[in-house]
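Trainee: First, the structure itself, so that you have it in front of you.
The values are calculated or read from the model by the stated rules, or taken from the named source; none is laboratory data. Computed from a prediction, not measured in an experiment: that's the story for all the values here. Because the Cβ atoms are built from the backbone with ideal geometry, glycine has one as well, and the counts that use them run over all protein chains shown. Side chains are part of the model used for accessible areas, which takes the heavy atoms of the whole protein and leaves out ligands, DNA and RNA. Shrake-Rupley method; radii C 1.70, N 1.55, O 1.52, S 1.80 Å.
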Amino acid sequence: TGSVDEKTAEEVATIQRAISNNFLFQYLTSSQREALVAKMKVVLVNAGDVVIKQGSESSSELNHFYVVESGLFSVTQDGVEIHVYEGDAASGNFPGFGELSLLYDKPRAASVTAVTDGKLFALSRRVFKQLVIYSADARRVLVKCLRSIPSLACMNQVQVECLAGLMAEEGER
């Protein structure tokens, strides 16, 4: 598995397209989005590489959100395939996975393995928190994001703002 930071204009456009439809990124300002894209790392994978291992404890190396530019990736839970991600430039399909690890410090719920050689873009939890949760308008963005999560719909505005504050405090530790 190799990693480089430089991205072409086409790669930047791929990442922007991939994150534009993701609930976690839809309320970001354009400057936040640009900063996240700039900080994402290019990760080259070989067939058989395990990108995420089910049950692995969270750590800064493991807490990443990935955008698939190319390649086929199998998602398994307890050894059973439950989903497949495929990056396909011809159709403009660039799926993402692992976004919840940016918010929650929990062991991974599934494994993701490269079926073919491929190319991913990775965003770490640390970078996400630095650029989004700690930024000047982060509380507003985080509250909007939390409001978009269906399982939190039962919470009132004060509760959601309190949760956003707790998330920011926890991230500072």
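Trainee: Based on the Cβ-Cβ distance from Thr116 to Asp78, what FRET efficiency comes out when R0 is 22 Å, to the nearest 0.05?
Mentor: The computed FRET efficiency comes out at 0.40.
Trainee: Give the label of the value calculated from the structure for Kirkwood radius over Cα pairs in Å, choosing from [x] 19.1; [y] 20.3; [z] 16.7.
Mentor: Structure-derived value, by its label: [z].
Trainee: Here is a further query. Tally up the carbon and sulfur contribution to the accessible surface of the chain as a whole percent, 1.4 Å probe, everything protein left in place.
Mentor: Carbon and sulfur: 52 percent of the exposed surface of the chain.
Trainee: Across the chain, how many lysine pairs, 8 or more apart or on two chains, come within less than 29 Å at their alpha-carbon atoms?
Mentor: Pairs that pass both the separation and distance tests number 23.
Trainee: Right, here's the next one. Taking only protein heavy atoms into account and a 1.4 Å probe, give the accessible area per residue of the chain in Å².
Mentor: Heavy-atom SASA per residue in the chain reads 53 Å².
Trainee: Let me ask something additional. Which of Val127, Val12, Val158 moves most in a GNM of the chain, Cα contacts under 10 Å?
Mentor: For the chain, modelled as a Gaussian network with Cα springs under 10 Å, the answer is Val158.
Trainee: Moving on to the next point. Over the Cα atoms of region 75-119, what radius of gyration and what Dmax do you get, in Å?
Mentor: Final numbers for Rg and Dmax: 12.2, 35 Å.
Trainee: By how many nm would the segment from Leu163 to Ala13 lengthen if fully extended, with 0.36 nm per residue of separation less the alpha-carbon distance?
Mentor: 50.7 nm
Trainee: With an 8 Å cut-off on Cα pairs and a minimum separation of 6 or more residues, tell me the relative contact order of the chain in percent.
Mentor: This gives 27 percent for the chain.
Trainee: Report, in deg cm²/dmol and to the nearest 500, the calculated mean residue ellipticity at 222 nm for the chain, where each DSSP H run with n ≥ 4 adds -39500 (n - 2.57) and the sum is divided by the residue count.
Mentor: -9500 deg cm²/dmol
Trainee: Under a 5 Å amide H to amide H cut-off, with H placed in plane at 1.01 Å, what residues pair with His83 once short-range neighbours are removed?
Mentor: Val75
Trainee: Rounded to the nearest 10 Å², what accessible area does His64 show when all protein chains are kept and the probe is 1.4 Å?
Mentor: Per-residue accessible area (His64): approximately 30 Å².
Trainee: Spelling out what I want: for every residue of region 78-95, take phi, set θ = phi - 60°, compute 6.51 cos²θ - 1.76 cosθ + 1.60 (Karplus), and round to whole Hz; glycine and proline get x.
Mentor: Karplus values, whole Hz, x for Gly and Pro: 6, x, 10, 5, 10, 6, 9, 10, 9, x, 9, 4, 4, 9, x, 8, 10, x.
Trainee: Give, as a single signed number, the net charge of other residues whose beta carbon lies under 14 Å from the beta carbon of Ala13, with Lys and Arg counted +1 and Asp and Glu -1.
Mentor: Charge balance in the 14 Å sphere: -1.
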